[in-house]
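Below is one structure, written out as structure tokens; the observations come after it.
The values are calculated or read from the model by the stated rules, or taken from the named source; none is laboratory data. The structure presented is a predicted model; accordingly, all values stated were derived computationally and were not measured. Quick reminder, even Gly has a Cβ in these numbers, built from the backbone with ideal geometry, and neighbours come from all protein chains shown. Calculation scope for accessible area: heavy atoms of the full protein, side chains included, ligands and nucleic acids excluded. Shrake-Rupley method; radii C 1.70, N 1.55, O 1.52, S 1.80 Å.
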Amino acid sequence: MTELFGYERDEMLGNRIEMLVPTSAKDKHVALRDGFMQNPHSRPMGLANSELRGARKDGSIFPVEVSLNYFFQNQDKYILGLVTDVTERVRIENELKATKSNLYKLNEELEMLVIQRTAELVKSQQLYEMIAKNFPDGIINVLNEDFNYIFAAGRDLKKFNVSGEDLIGINYLDRIDSKYHAELLKLFNLVKEGTNQSCTIELLEGHYELNIVGIKGSSDRVERFLIVEINVTKQKELQEEQFKALEKERELGEMKSRFVSMASHEFRTPLSAILSSASLIEKYEEKEQQEKRLKHTARIKSSVTNLTGILNDFLSFDKLSSNAIESCIEEVNICEVIKYAIDEVSAFKKQGQKILVSFEDESCIIKTDEKIVKNILLNLLSNGLKYSGSESTVEVSVKLLEDVVVLKVSDNGIGIPEKDQSRLFERFFRADNVSNIQGTGLGLNIVKKYAEILNGEISFESKEGIGTTFTVVLPQ
Ligand code: ADP
């Protein structure tokens, strides 16, 4: 008691037990004690859930546990109360209670956090899926280390007639033309080494830009590949169109500068011939000098024809380059067309030159475009005369076969050196052996384009120094 309540034994003896009860509980305790005395039985003191307190001599209060008992001696009733200081137990219990409530709070908070995070995750997952599914003009692909699909989404999947689910497990390369496999495998290896890669490939007649990114796992090693395919077909088409337009512009520029240099070169000879002939004619005043005058007027005429030919070539070339020529197919009398062409080129004839026509069929009527065939013949015949000497013969032949007309123009002129033959139809190309024979190098290019407009073909056979035969085959 001394230790527990601070009283000496003598101080307590003869005193009521209430001296150990806090003042606030004293009255109540007297009543409870009286009740127990009348009906004593062994029990712990205090009601359930009620906390008992003891009061020390110094007035401090502390928690106690009391168990009550009784016994009789010489017919006197004694009450035995066992008081235990439970300060420490209550402290531990309180601490435990506090920890429990803290844990409970923490648990609740954690649960709330988990619910919140899950909702956020679901939201962001939905967002990613939405973005991926609606990824415009492309596909988002995620592959594992073996390039098998883990995920695929994007609007362009529809073009391939597959869904993202269909692709899961399928090897990425199975979707790609085998000609790209080696390149892609090389890129995948580079991505594994840590550098993102990109390339452009053709997929289903479209062009796709591939951006390949490595996704690292916990081991800091690339374990997945993210491939973003962007459909760049439109951009590519636009680029090609721009390139073609630029190319055309460049060609036009080149053609103009060629024309300037050619015009200054090719026009000079006939123009100076015209000038010198005109000055000479002025001097031939005598009547008997008529022959000389005629010689010079003929030179003037031939020079003018020459110039007209050059200008015609340029005009036709310009029209053909701008696609301004359309064919008009009708029934044409080919014999008449040949006659007209022969008349037209007669101004080019050198002394003693002849043009022979061989025609074996009964009908002269074919179905073609008259103007185009005339231009083809004019070009081939004038070349035949131009590149062969005086007293030579140029031959024109026509053959009507079942579906085609075959026109041939042959001469025994200077021929075409073998090394130049492959380039003969190129614009501005002239063979090495033309020496000072005038020309633009455009005529055959024009003839070839004309033949193509009629869905026909042109070819030739030639031997240098022996002669040349041009063959034009036109469908009817
Ligand atoms: P041009 O006659 O104005 O030079 P062409 O395009 O008509 O241009 O002909 C291209 C080249 O083909 C000529 O420069 C010439 O070298 C060669 N060529 C064309 N026709 C003949 C031919 N009948 N005989 C020999 N060479 C020819």
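Between a first residue in region 218-238 that is more than 20 Å from Ile139 (Cβ to Cβ) and a second residue that is open to solvent by less than 20 Å² (accessible area, probe 1.4 Å) and hydrophobic (A, V, I, L, M, F, W, C), which pairs have beta carbons less than 8 Å apart while being 6 or more apart in sequence or on different chains?
From region 218-238, the pairs are Val222/Val191.
Which members of region 326-385 meet the condition of being of a type in the set (Gly, Ala, Ser) and either away from the ligand (no atom under 16 Å from the Cβ) or without any contact (Cβ under 8 Å) to a residue 60 or more places away in the chain (or both)?
Ser327, Ala341, Ser346, Ala347, Gly352, Ser358, Ser363
Scan Asp403, Asp432 and give me the residue that is touching a Pro at 6+ places or on another chain (Cβ under 8 Å), open to solvent by 30 Å² or more (accessible area, probe 1.4 Å), more than 9 Å from the ligand (Cβ to nearest atom) and at negative phi. Walk me through it before giving the result.
Working: Asp432 fails: more than 9 Å from the ligand (Cβ to nearest atom).
On inspection, the qualifying residue turns out to be Asp403.
Checking Gly465 against (1) more than 7 Å from the ligand (Cβ to nearest atom); (2) closer than 18 Å to Ile325 by Cβ: exactly one of these is not met. Which one?
Unmet condition: (2).
Check Ile366, Ile414 and return the single one that is farther than 20 Å from Leu454 by Cβ and either surrounded by 15 or more Cβ atoms within 10 Å (Cβ to Cβ) or among the polar types (S, T, N, Q) (or both). Even if it seems obvious, please write down each step before you answer.
Values: Ile366 fails: farther than 20 Å from Leu454 by Cβ.
Every option except Ile414 fails the conditions.
Kindly indicate whether Ser327 is of a type in the set (S, T, N, Q) and open to solvent by less than 40 Å² (accessible area, probe 1.4 Å).
Numbers: of a type in the set (S, T, N, Q): yes; open to solvent by less than 40 Å² (accessible area, probe 1.4 Å): no.
Answer is no for this residue.
State which residue pairs qualify: first residue on the phi < 0 side of the Ramachandran plot and inside region 123-137, second residue open to solvent by 100 Å² or more (accessible area, probe 1.4 Å) in any location, beta carbons under 7 Å apart, and separation of 6 or more residues or different chains.
That search, which allows pairs on different chains as well, returns Asn134/Arg155; Phe135/Arg155; Pro136/Arg155.
Have a look at Thr297, Thr305 and point out the one that is closer than 18 Å to Leu442 by Cβ, of a type in the set (Val, Ile, Thr), in a helix (DSSP H, G or I) and in contact (Cβ under 8 Å) with a residue 12 or more places away in the chain. So that I can check it myself, show each step before the final result.
Details: Thr297 fails: closer than 18 Å to Leu442 by Cβ.
Selected residue: Thr305, the only one of Thr297, Thr305 that is closer than 18 Å to Leu442 by Cβ, of a type in the set (Val, Ile, Thr), in a helix (DSSP H, G or I) and in contact (Cβ under 8 Å) with a residue 12 or more places away in the chain.
Taking region 265-300 only, how many residues are within 16 Å of the ligand (Cβ to nearest atom) and open to solvent by 50 Å² or more (accessible area, probe 1.4 Å)?
Initially, region 265-300 is screened for residues within 16 Å of the ligand (Cβ to nearest atom), giving 265-270.
Still in the running and open to solvent by 50 Å² or more (accessible area, probe 1.4 Å): 265, 268-269.
The total comes to 3.
Of the residues Asp420, Asp411, only one is of a type in the set (Asp, Glu), without any contact (Cβ under 8 Å) to a residue 24 or more places away in the chain and within 8 Å of the ligand (Cβ to nearest atom); which? Lay out the reasoning, then the answer.
Numbers: Asp411 fails: without any contact (Cβ under 8 Å) to a residue 24 or more places away in the chain.
Step by step, each of Asp420, Asp411 is checked, and only Asp420 is of a type in the set (Asp, Glu), without any contact (Cβ under 8 Å) to a residue 24 or more places away in the chain and within 8 Å of the ligand (Cβ to nearest atom).
Which condition breaks for Pro40 when tested against (1) out of contact with any Asp or Glu (no Cβ under 9 Å at 6 or more places or on another chain); (2) open to solvent by 60 Å² or more (accessible area, probe 1.4 Å)?
(2)
Cβ-Cβ under 7 Å, sequence separation 6+ or interchain: first residue in region 439-456 and hydrophobic (A, V, I, L, M, F, W, C) and near the ligand (Cβ under 7 Å from one of its atoms), partner in a loop (DSSP other than H, G, I, E, B) and at pLDDT 90 or above. Which pairs?
If the second residue must be in a loop (DSSP other than H, G, I, E, B) and at pLDDT 90 or above, the pairs left are Leu444/Leu424; Leu444/Phe425.
Answer yes if at least one residue in region 55-64 is open to solvent by 80 Å² or more (accessible area, probe 1.4 Å) and either touching a Phe, Trp or Tyr at 6+ places or on another chain (Cβ under 7 Å) or in a strand (DSSP E or B) (or both), and no otherwise.
Applying the first criterion (open to solvent by 80 Å² or more (accessible area, probe 1.4 Å)) to region 55-64 yields 57-58, 61.
Next, only the ones that are either touching a Phe, Trp or Tyr at 6+ places or on another chain (Cβ under 7 Å) or in a strand (DSSP E or B) (or both) stay: 57, 61.
Checked against the condition, which is being open to solvent by 80 Å² or more (accessible area, probe 1.4 Å) and either touching a Phe, Trp or Tyr at 6+ places or on another chain (Cβ under 7 Å) or in a strand (DSSP E or B) (or both), region 55-64 yields at least one hit.
Can you name every residue in region 301-311 that is more than 11 Å from the ligand (Cβ to nearest atom), of a type outside the set (Lys, Arg) and open to solvent by 40 Å² or more (accessible area, probe 1.4 Å)?
Initial filter on region 301-311 (more than 11 Å from the ligand (Cβ to nearest atom)): 301-305, 307-308, 311.
The next check asks that each one be of a type outside the set (Lys, Arg); those that pass are 302-305, 307-308, 311.
Across region 301-311, the qualifying residues are Ser302, Val304, Thr308, Leu311.
For region 314-366, how many residues meet the condition of being out of contact with any helix residue (DSSP H, G or I) (no Cβ under 8 Å at 6 or more places or on another chain) and part of a helix (DSSP H, G or I)?
Residues that pass the stated criteria total 8.
For Tyr208, indicate whether it is touching a helix residue (DSSP H, G or I) at 6+ places or on another chain (Cβ under 7 Å) and either surrounded by 16 or more Cβ atoms within 10 Å (Cβ to Cβ) or modelled with pLDDT of 90 or more (or both). Working first, answer last.
Details: touching a helix residue (DSSP H, G or I) at 6+ places or on another chain (Cβ under 7 Å): no; either surrounded by 16 or more Cβ atoms within 10 Å (Cβ to Cβ) or modelled with pLDDT of 90 or more (or both): yes.
Criteria not met by Tyr208.
Out of region 369-392, which residues are in contact with a strand residue (DSSP E or B) (Cβ under 6 Å, 6 or more places away or on another chain) and open to solvent by 40 Å² or more (accessible area, probe 1.4 Å)?
Within region 369-392, just Glu370 meets the criteria.
Need the failing condition index for Phe151 against (1) touching a residue at least 24 places away in the same chain (Cβ under 8 Å); (2) closer than 16 Å to Ala132 by Cα, just the number.
(1)
Given the criteria of a type in the set (A, V, I, L, M) and either part of a strand (DSSP E or B) or open to solvent by 70 Å² or more (accessible area, probe 1.4 Å) (or both), does Ala245 qualify? Before you say what the answer is, go through the steps one by one.
Numbers: of a type in the set (A, V, I, L, M): yes; either part of a strand (DSSP E or B) or open to solvent by 70 Å² or more (accessible area, probe 1.4 Å) (or both): no.
The answer is no for Ala245.
Output the number of the condition that Val191 fails; it satisfies all remaining conditions of (1) in contact with a helix residue (DSSP H, G or I) (Cβ under 9 Å, 6 or more places away or on another chain); (2) in a helix (DSSP H, G or I).
That leaves (1) as the condition not met.
I need the full set of residues from region 440-465 which are surrounded by 14 or more Cβ atoms within 10 Å (Cβ to Cβ) and at positive phi, in order please.
Matches in region 440-465: Gly441 only.
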